[in-house]
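Reading through the structure tokens given below for one structure.
The values are calculated or read from the model by the stated rules, or taken from the named source; none is laboratory data. Source: prediction; values computed, not measured. Methodologically, a virtual Cβ is constructed for each residue, glycine included, from the backbone with ideal geometry; neighbour enumeration extends over all protein chains shown. When the accessible area is computed, the model is the full protein with side chains, heavy atoms only, and any ligands, DNA or RNA have been set aside. Shrake-Rupley method; radii C 1.70, N 1.55, O 1.52, S 1.80 Å.
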Amino acid sequence: MKLTKLKAGLLGVTAMGICATSAMAAIEGENWWIGGRIKQGFSLAYDLENNGASKGPSNFLLEVRGNWRPTNSITIKADVWLRGDWYADIGSDIKQGGIQDFTSPGFVGQFGFNINGNGAGFPGEPFGSRPTANRFFSDFNDEMLRELSIQFKDPEGRFSLKVGKFQRGWGQSDGLRLLDVLNAQDLRERFVLRDAEDVRIPAWTAALNLNFRRMGLSKPFEAIGMKRTSLELIFMPEVRHSKFVINNPTSGATSGGIFGFPYPRLLDSKSGLGTAFFGTNLTDNAPDKFSFSDPNLAARLKFEAFGGDMTLNWLYGHQELPVTSLQGANLLLGTALNDERQATAVIPLTLDQGLGAAHAPGQYLDFLRSLVSAPGSVPFPLAPFGCTSPLVGAPNCSLNYNFNLDYDFRKKLVGGSFTREISELRLGPKNVSPVLRTEFSYEFDKPFNTSRVITPFGEEENGTTALVSAPSSSIVFRDQWSVMVGVDYFLWLPFLKNQRGSIFTSAQFFNIHTNNSDNLLYQAPYAAIDSRVNKNQQFATLLWNFALYKEKLFIEGLSVWDISFKGFTHRQRIDFNFFGDTFRPRLEWIHVSGKKEQGLLGFFKNSDIIEASLTVQF
Amino acid sequence: MKRRFLKSVAAAALISTLSMAAQAGEKWVDDWKAFAEKTGEAKHAEWAKLIGDPESVKLAKEWAELRGYTASSLIEKANLPAELKPGLVINKDNIDSFPWLKDYLPQASMDRLKSSEWFKWGEIVIVPTNSYYMSRGVLEATRKAQKDGRKLNATAKGNLLTEDGKHAFLVQNDVVPFLHPKDGTELNWTQAFHSIGGDNLAFKHFDLKVCNSSNKVEREYSADLFWAKFHNRTDYAPLGSMPGEETAVEGGSVYFLKPLDIRGLSAVRIRYADVDKDDNFRVFIPSLRRTRTLAGSDGQDPMAAGLEITWDDWRGYWTKTDPRKFEYKMVGEGFVLGQPDTGHVYVPIVENENGCEVKQIELELRPVWILEVNDKTGQYLYSKRKLYIDKENYYQQYQEMYDRRGNLFRIWDDSRDFDPKTGQAQWREVLNWNPISNRMTHMNMNSSWETLKKGLAPSLFDIDELRDYR
């Protein structure tokens, strides 16, 4: 295959970058240091919904980090990266599902949506978009600046204050976040399967750490068995929410590549038909990004008790994932494909009008359902606008509902963690004790979209059609508590006499309990049948790693089971550290299986990749 | 040529000044002066000057008085080969002409000299024997304990207790437990007491180089490392006990600087006095940006990938004393050739360009007790450790570690950064090699005395603060 000039150029840029970086060395003085890395990956995506295997994401990263420690009490850190993905330029086009296909039987099929291509035109593949937004994540504050902080430490160790842009990890859980909720996550590149550090979105923050023992305030705590007590106070005026892309064909189509969230299936639970001619315009509704009056606040009391480390945590933050809230709709004349650019007229509808268009007697849902019971018994409701009924001719109108992805709800959470080496238990040939990790969180009034509403017209709606309802009835609040129990163990094999190093193993079990969980959507707008919140949602994880060939071949596996939704993912990494400390080649395999749209893993069931990457660091 | 001439003149001038100023009479000082004069090397002259300083000599003599001997006096009494004296150069060509050498130089070191392939040593130069000792604070406390007739009880369980049942390392960690150890148990406790050789350690930086069997550098790490004794501190603030560390004996931290992919990896490890209380071992993992508790009961993993050094090998020997798991046996005494602790002035090794081979290594003859630590469990990483414990400062001069099959697995030979004026010591350089896989970890420590003077910040031992060290 001939490379286009652009492709050749991009590869050239990468190759030159890698060569240039390999010749570089970190520069440093006694109290300062500047280093960095460049990483380029190329992947093969397989197990795709329609295409088998194709060229997948080609993520790259350029990072420069530095620090300066002018005195023992002050540390200044900076970290800037530019990352992105050449997928839009050199990746294959991959077809996913789009809006409901009104030519398919019962409208239950979906039109294809090319996540790296333009639409080929009706009726084959009417929609498409290139994920060019992922090419460079180049917004300096939002995407490039990873850290710019100054920390002052009291020489006596009584307190420290860190101010600036940075991230802070809390809790003991890996993979799923119970207490590690101070920073939102960037899910655009590989969902949560990157390193936690790379997934977290840093925010402008002030963190004050008070060491009660050194401040002479520990007596009351020690009296009740709390030793080495310290308190961390977090003030976060910059409120960020998690970043992701929905592969949305509607109007200004957006694509996030194979790690974009697939467009949801829109099905009417009563008739079993697809809600043809429905599309969605999605708009973020986020709180003020930078606000001293409405910041995120958090505190963590840390101490030793019962032979281990304990924390008590509190967060008054914001939701990092959205609920949908309907704002109104646009009626599109002249196009049945929900593309406002192709419409001859766009008629905005208010929220009430939008609700009426779906639910009022004789309107869309009545018409749709009549197709099953008595076709033609309900007149086509858009006929007064000059729209052709699909029963009599080529449809030429569609309706886009305008949803906010609403992040403007507070996250109110308390929790705690406990970690302890179980010295009483000595296992294996080396008599090594396991380390117990537990974590608990309780979130008050967590917002959910409900999958069951009573419409203003007295009808009960479930699933997709329940999304078309006023926010006052579609958003409900529930308390949720979560528990994680994990064990870390350094495994020495009894039959391997000269094992150089142990195999690190870490297993976790999660139970997430939602009070009064009936009829809650796991994550709107995914409203397919069974995509509901379970009363007890359970996950298990297993992480292991070991090194071979004198620790040059480093192998790490991470498996996650979504027990409740029967999903599974595995990330396998193999690092080939055979080429000194500058070059870090890696093979990474990500496999996801699950039921479509069910649970976290079901979203990415067709996002399997094998990636080869090279990092050059200095 | 001109440069060399100037160097020689400078060295000669220094030696001549020394000769005039020095007080005659201390054998190790006289031997070093003579040796420096003979070699004409400024580094030797500078070392001779330092050990000949009245302050150094005074402290050395007081320790000698307490112990009842010096290394030099023990050597004088011994029946040693006449050829084994300062200035002797041993190389591949003449090593076989010294049949007595095997009694003083462990085979693992002789093999390096004879090797024409992996981890070659070009030549060994025998330097004069020094006098090594610990600090004045330890001297005075030990002297007082002797006077008071204090006795210690090394229990079968593995605790060292005072007469009133307290852990010795929590209440009198400035007293050498057994000045003249009678058996392996006492010898082990005495070497365990030596610990880091002072109140604190500060390495800025601590460079580790992993060399493979082709004498190529395979990996390089760089870290800053800090360590502190928590009780009976005599030299650096806080004197006495570190607040809030009632049950811990010592602790330290390490913050990795290189390579980039592990930069920021940091660990704090605290050791408790009680044999049954595992170390508190917390690690900050940069890729998670979170602190994790690791098993303090596992000291057998390498400190970082590819290194020959495990946590239990840190500072030579850091396995927790436990007679239920190990047998401590004093198998003899004698002399061994180990690297001199001249690191305060110079490194006694001239290495090749990449640091994977040795062009020249200086060794000095040291009087030692030989301690064998035999694994009773049948599962420990090493079936046996053989430590050559120095009779002057109770630190190992040389160590051999044997694998489960009984093969020599690793060797530790180091040079301390010993300050003769104060008796305090850090480390300067370590050779840690594996003759089975033919790999070598070469450690170079840059001891930061300045940091010790300023005091180690408490935040260095708090993992949640250490993460922002750099």
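Can you pull out the chymotrypsin sites (Phe, Trp or Tyr not before Pro) in segment A:253-346 whose DSSP state is coil and whose Cβ has at most 13 other Cβ atoms within 10 Å?
On the way: sites: A:Phe259, A:Phe277, A:Phe278, A:Phe290, A:Phe292, A:Phe303, A:Phe306, A:Trp314, A:Tyr316; in loops: A:Phe277, A:Phe292, A:Phe306.
Counting only loop positions with at most 13 other Cβ atoms within 10 Å, the chymotrypsin sites (Phe, Trp or Tyr not before Pro) in segment A:253-346 are A:Phe292, A:Phe306.
Quick one: accessible surface of A:Ile347, probe radius 1.4 Å, all protein chains present, in square angstrom to the nearest 10.
Ignoring ligands and nucleic acids, A:Ile347 comes out at about 50 Å².
Could you list which residues have their amide H under 5 Å from that of A:Ile246, counting only those 5 or more apart in sequence or on another chain, with H placed in the peptide plane?
Sorted by chain and number, the residues that satisfy this are A:Phe261.
Using Cα pairs under 8 angstrom and six or more residues apart, how large is the relative contact order of chain A, in percent? Let's see the in-between values first.
Numbers: 1647 pairs, mean separation 72.6, N = 618.
Reported as a whole number, the value is 12 percent.
Kirkwood Rh over alpha-carbon pairs of chain B, then Stokes-Einstein at 4 °C and 1.567 mPa s: what D in µm² s⁻¹, rounded to an integer? It would help to have the intermediate numbers written out before the result.
Values: Rh = 22.9 Å.
My calculation gives 57 µm²/s for D.
With everything on Cα atoms, drop me the angle between helix A:364-373 and the longest principal axis of chain A, reported from 0 to 90° to the nearest 10.
Around 70 degrees separate the two axes.
I'd like the FRET efficiency for A:Leu493 and A:Ala25, computed as 1/(1 + (r/R0)^6) with the beta carbon distance as r and R0 of 45 Å, rounded to 0.05. Before the final figure, lay out the partial values.
Values: r = 39 Å, r/R0 = 0.87.
Computed FRET efficiency for A:Leu493 and A:Ala25 comes out at 0.70.
Relative to the longest principal axis of the C-alpha atoms of chain A, give the angle of the C-alpha long axis of helix A:5-22, reported between 0 and 90° and rounded to the nearest 10°.
Helix A:5-22 sits roughly 10 degrees off the main axis of chain A.
Once you mark the trypsin sites (Lys or Arg not before Pro) that are in a DSSP loop and have at most 15 other Cβ atoms within 10 Å, what is the longest gap between them in chain A?
On the way: sites that count: A:Lys2, A:Lys289, A:Arg341, A:Arg426, A:Lys497, A:Lys535, A:Lys566.
The longest uninterrupted stretch comes out as A:3-288.
Near A:Leu44, within a Cβ-to-Cβ distance under 12 Å, what is the net charge of the other residues, with Lys and Arg +1 and Asp and Glu -1?
Values: positive: A:Lys55; negative: A:Asp47, A:Glu588, A:Asp608, A:Glu611.
Surrounding charge for A:Leu44 is -3.
How big, on average over all directions, is the shadow cast by the Cα convex hull of segment A:131-257, in nm²? Present the calculation step by step, with values, prior to reporting the outcome.
Details: hull surface 40.3 nm².
That works out to 10.1 nm², a quarter of the Cα hull's surface.
For the protein assembly as shown, evaluate the Debye formula with one uniform point scatterer on each Cα (no solvent term) and list log10 I(q)/I(0) at q = 0.07, 0.08, 0.10 Å⁻¹, rounded to two decimals.
Log10 I(q)/I(0), no solvent term: -0.72, -0.88, -1.23.
Run the helix sum for chain B: -39,500 (n - 2.57) per DSSP H stretch of 4+ residues, divided by residue count, reported at 222 nm to the nearest 500 deg cm²/dmol.
Working: 11 runs with 111 residues, N = 470.
Calculated at 222 nm, the ellipticity per residue is -7000 deg cm²/dmol.
Taking A:Lys595 as the anchor, which lysines have their alpha carbon closer than 19 Å to its alpha carbon, excluding any fewer than eight residues away along the same chain?
A:Lys95, A:Lys535, A:Lys566, A:Lys605
What does the charge dipole of chain A about its Cα centre add up to, to the nearest 20 debye, if the Cβ of each Lys and Arg holds +1 and the Cβ of each Asp and Glu holds -1?
Numbers: 62 positive and 61 negative charges, 343 e Å.
That gives chain A a dipole magnitude of about 1640 debye.
Sort B:Ser73, B:Ser214, A:Ser173 by heavy-atom solvent-accessible area, probe 1.4 angstrom, most to least.
Per-residue accessible area, sorted high to low, gives B:Ser214, B:Ser73, A:Ser173.
Residues of segment B:248-284 with backbone nitrogen within less than 12 Å of a virtual label 7 Å along the Cα-to-Cβ line of A:Asp195, please, listed as ranges.
B:259-266
Per-residue Cβ counts within 10 Å, from other chains only, averaged over B:282-294: what number is that?
Details: counts 2, 0, 1, 5, 3, 5, 7, 13, 10, 6, 7, 10, 5.
Other-chain Cβ atoms within 10 Å of each residue's Cβ, averaged: 6.
At 1.4 Å probe size, with no ligands or nucleic acids counted, give the accessible surface of B:Lys204 in Å², nearest ten.
Approximately 50 Å² of B:Lys204 is accessible to the 1.4 Å probe.
Using a 1.4 angstrom probe on the protein heavy atoms only, line up A:Ser473, A:Ser291 by accessible area, largest first. Walk me through the intermediate numbers first.
Numbers: A:Ser473 45, A:Ser291 10 Å².
In descending accessible area the options line up as A:Ser473, A:Ser291.
Tally Lys/Arg at +1 and Asp/Glu at -1 over every other residue whose Cβ is under 13 Å from the Cβ of A:Met226; what's the total?
On the way: positive: A:Arg213, A:Lys219, A:Lys227, A:Arg228, A:Lys302; negative: A:Glu222, A:Glu304, A:Asp309.
After counting each charged neighbour, the total is +2.
Summing Lys, Arg as +1 and Asp, Glu as -1, what charge do residues with Cβ under 11 Å from the Cβ of A:Leu176 carry, A:Leu176 excluded? Working shown, then result.
Working: positive: A:Arg177; negative: A:Asp174, A:Asp180, A:Glu439, A:Asp562.
The answer is -3.
Considering the Cα positions of segment A:131-183, please state its Rg to one decimal place and its Dmax as a whole number of Å.
Expressed in Å, the Cα Rg and Dmax of segment A:131-183 come to 15.9, 52.
Hydropathy first: keep DSSP H helices in chain B averaging at least -0.5 on Kyte-Doolittle, then drop any whose Cα extent along the axis falls short of 24 Å, and list what survives. Mind dumping the intermediate values first?
Numbers: long enough: B:2-21 (29 Å, 0.70).
Going by DSSP H runs, the hits are B:2-21.
Please arrange A:Glu421, B:Glu246 by accessible surface area, largest first, computed with a 1.4 Å probe and ligands excluded.
On the way: A:Glu421 20, B:Glu246 125 Å².
Descending order: B:Glu246, A:Glu421.
Measuring with a 1.4 Å probe in the full set of protein chains, what accessible area per residue, in whole Å², belongs to the protein assembly as shown? Show your work: numbers first, answer last.
Values: 40550 Å² over 1088 residues.
Solvent-accessible surface per residue comes out at 37 Å².
Applying the Karplus parametrisation 6.51 cos²θ - 1.76 cosθ + 1.60 with θ = phi - 60° to the phi angles of segment A:487-494, what ³J(HN,Hα) value in whole Hz is obtained for each residue in order, glycine and proline being reported as x?
9, 10, 8, 8, 8, 10, 7, x
Can you give the accessible area of B:Ser97 in Å² (nearest 10), computed on protein heavy atoms with a 1.4 Å probe?
Accessible area, nearest 10 Å²: 70 Å².
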